[in-house]
1. Just to check your reading of the model, which residue among B:Leu260, B:Leu269 is within 14 Å of another protein chain (Cβ to nearest Cβ), modelled with pLDDT of 90 or more, more than 17 Å from the chain's Cα centre (by Cα) and within 26 Å of B:Ala211 (Cβ to Cβ)?
2. Does B:Ala153 meet the test of being under 25 Å from B:Ala224 (Cα atoms) and away from chain A (no Cβ under 14 Å)?
3. Would you mention how many residues in the range B:23-52 are in a loop (DSSP other than H, G, I, E, B) and away from chain A (no Cβ under 14 Å)?
4. Under the condition of being surrounded by fewer than 18 Cβ atoms within 10 Å (Cβ to Cβ) and in contact with a Pro (Cβ under 9 Å, 6 or more places away or on another chain), which residue from the range B:112-128 is farthest from B:Thr154 (Cα to Cα)?
5. Could you tell me whether B:Asp70 is surrounded by fewer than 17 Cβ atoms within 10 Å (Cβ to Cβ) and either within 14 Å of chain A (Cβ to nearest Cβ) or not polar (S, T, N, Q) (or both)?
6. Look through A:Gly150, A:Gly138 and report the one residue that is at pLDDT below 85 and of a type outside the set (S, T, N, Q).
7. Among the residues of the range B:349-358, are any surrounded by fewer than 17 Cβ atoms within 10 Å (Cβ to Cβ), more than 24 Å from B:Arg23 (Cβ to Cβ) and modelled with pLDDT under 90?
8. Does B:Gly381 satisfy the condition of being farther than 18 Å from B:Leu285 by Cα and free of Cβ contacts under 8 Å to residues at least 60 places away in the same chain?
Amino acid sequence: MAESVQAPSSTGRSSVLLVSFHRRPRPRVHRYARRALSLGANLTVVVLDPTDWRELAEEPTVRLYVLPGAGRRPPWLVTLENRVVFRIPISMLAVAGRLSGDGRFGRIATRILGVLQRWHGRIAYHIDQISRPLLLAGLHRRLSDAELGGLDQIVAADQLAVPFACRLARRYPHAIATTALDVVPGHPGSGHSAESPTSPRPVLDRP
Amino acid sequence: MSAGPRSINPRALYLSFYFPPSRASGVYRGLATANHLAAHGWDVTVLACPIRFLHEVIGSVDQQLATAIDPRITVERPDLNQFSWEHDLRRFSWLRRTMPALARAVHNIGQRHLFPEPYATWGLSALSRSLRMHLRRPFDVVLATGNPFVSFATAWTFTRITGVPYVVDYRDSWTLNLFTDEAAFPDGHPAWRWERRVLRRASASVFVNDALRSWHAERYPEVAPRMMVVPNGWDPDLVTEPDDHPPHSRPHTGLRFGYLGTVTAQQPLDQLAAAFERARQAPELADAELHIHGHLGFFRNSPHEIRDRLGLGADGPATSADHGASGIRYRGPVSKTDVASFYRETDVLVFMAGGGRYVTSGKIFEYMASGRPIVSVHAPGIAATEVLEGYPLWFNGNGLDIDDLARAMIAAGRSARCLTPEHRLLAQRHADTYARARVLAPLEERLRTLATRR
């Protein structure tokens, strides 16, 4: 179960769940959280790293869930990758270099291996970018319905949080599920202009 | 590409992403152009953005403006992928829901290689739709207006396939930042390549003022002879004859200053508020009010900052009657049918514009047509002053100095108090030069020449 830093207090308010998985969330994410609180919402924040959220968690209507280390590659995978990509080929090259006598074969093979290892770095980065949100998405089960209670809005504050928030959105079909950091449920004007969508306006041409 | 049978009337394809009921910047120009062509016997088909985009992304529409579209005009609305603006997680595609980084990468590839604007997919849909229509009944000419400038790219591609000539209308500037007067993109950005490509093949390129035309002519001298200026102009159906009641015979006692148009954060709002406060210290303006009419920003998130800067309070009601000591009142948006009454009830018009020397406002033409004193609140030497030169009731602060602006306001107030019908007539005569039909005539003539040549 996720580490819950603080329990919510009151009920009868709108309930917002904010998923922010970036280690250093953008200032607008914090601004949104503050705004939701100022408008009287109960706020649940799900993070991987609580460093930037400790202060906000002091608020009585904030509940902070920390999923430490979540979504990182498991240690066995890191070890396997290290062996397959680095240690085993280097050992084999060392043997091949000794066998080839003048070391020419060894030098060529080392160069090829260097290129492959660099490519591995790039590919691994992209695979990580793609797979990490998926791994994190599975962690939505750590948040039980009993703990979350009724949710009015689920907000994915960054790209990493999108699959996680989408899974939660499936569990709470009546909640608003969004990436918009400007609307608080029960306060339609909080992020919108006071203009009615159908109200006309005179036009100021530009330039 | 072989096309179907020709129609008797010349047929124009008008690529105007923002078209009523949109209330976006410059939509009046697009509407007036289409109506003008239809009135002159053209068979006009407009390709505009989907209504869903206006409701969900822009956040507002003007249904009354849509009623002003000439019924002879066909309006089609090709699809637009709303990737850049979609916030609802439930409407995300499977790819974006499960692998957001990959979905973003695919989207970015499109931006880099297809066209550097988030509207690129609209361009593709518009192209496909227009080609199908062209096969059924051929177009004689294409007119594209920007922004967004994907409409230019669509016109260019359409012409490459069909050979139909096209004209581009720079309602806004593409590669020039109007607020800083500097290039909008770094060297090597695909926008430059696209602009060169588009202008090279365009049969004509149209600009809203001569300053903008010159800027482009300097950069693209090989196509400079095909460039022309079509100012924004004013629509006679919006500005009816103002009544000739002097201000003191109105139900309100003080002079009423008025601003009509969308208020944006780029405008000198702080200077306006400060100057008006100072002007009210003069005895003749002590009970004067400044009424702001229009939307606060183009987007749904704009109003907070604007309200703050005008001293209207951040979260107050949309139309606050409580203006406190500042004398500034926000009156909310004005319906198209109420524009004339705005002019009737206003004694002095405040012309406020953001940006630098290349900026013209569409509203200034309408202001002049009303025959009221106009106070300028903008940087000195902007392109709009070219059209105000010679307007007898123009009170120019010559910049954004608070004292100068206040003095101009006081002088305009005095002028409003002793305004005669003769003064108004003189002022309106100056505005007649910019009546919409008159300014659009050269463009219509150019399009007709191109259509006839085919």
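The values are calculated or read from the model by the stated rules, or taken from the named source; none is laboratory data. Please read all numbers here as calculations on a predicted model, not as lab measurements. Heads up, the Cβs are rebuilt from the backbone with ideal geometry, glycines too, and the neighbour counts pull from every protein chain shown.
1. Numbers: B:Leu260 fails: more than 17 Å from the chain's Cα centre (by Cα).
Only one candidate passes the filter, namely B:Leu269.
2. Details: under 25 Å from B:Ala224 (Cα atoms): yes; away from chain A (no Cβ under 14 Å): yes.
Yes, satisfied.
3. Initial filter on the range B:23-52 (in a loop (DSSP other than H, G, I, E, B)): B:23-26, B:40-42, B:48-50.
Cutting the leftovers down to away from chain A (no Cβ under 14 Å) gives us B:40-42, B:48-50.
Here the count works out to 6.
4. So in the range B:112-128, the residues surrounded by fewer than 18 Cβ atoms within 10 Å (Cβ to Cβ) come out as B:112-114, B:128.
Now narrow it down to the ones that are in contact with a Pro (Cβ under 9 Å, 6 or more places away or on another chain): B:112-113, B:128.
Working: B:Arg112: 16, B:His113: 15, B:Ser128: 10 Å.
So, considering only residues that are surrounded by fewer than 18 Cβ atoms within 10 Å (Cβ to Cβ) and in contact with a Pro (Cβ under 9 Å, 6 or more places away or on another chain), the one farthest from B:Thr154 (Cα to Cα) is B:Arg112.
5. Working: surrounded by fewer than 17 Cβ atoms within 10 Å (Cβ to Cβ): yes; either within 14 Å of chain A (Cβ to nearest Cβ) or not polar (S, T, N, Q) (or both): yes.
Spelling it out, B:Asp70 is indeed surrounded by fewer than 17 Cβ atoms within 10 Å (Cβ to Cβ) and either within 14 Å of chain A (Cβ to nearest Cβ) or not polar (S, T, N, Q) (or both).
6. Numbers: A:Gly138 fails: at pLDDT below 85.
None of the others qualify; the one that does is A:Gly150.
7. Step one: of the range B:349-358, the residues surrounded by fewer than 17 Cβ atoms within 10 Å (Cβ to Cβ) are none.
Looking through the range B:349-358, none of the residues is surrounded by fewer than 17 Cβ atoms within 10 Å (Cβ to Cβ), more than 24 Å from B:Arg23 (Cβ to Cβ) and modelled with pLDDT under 90.
8. Working: farther than 18 Å from B:Leu285 by Cα: yes; free of Cβ contacts under 8 Å to residues at least 60 places away in the same chain: yes.
Considered against the rule, which asks whether it is farther than 18 Å from B:Leu285 by Cα and free of Cβ contacts under 8 Å to residues at least 60 places away in the same chain, B:Gly381 comes out as yes.
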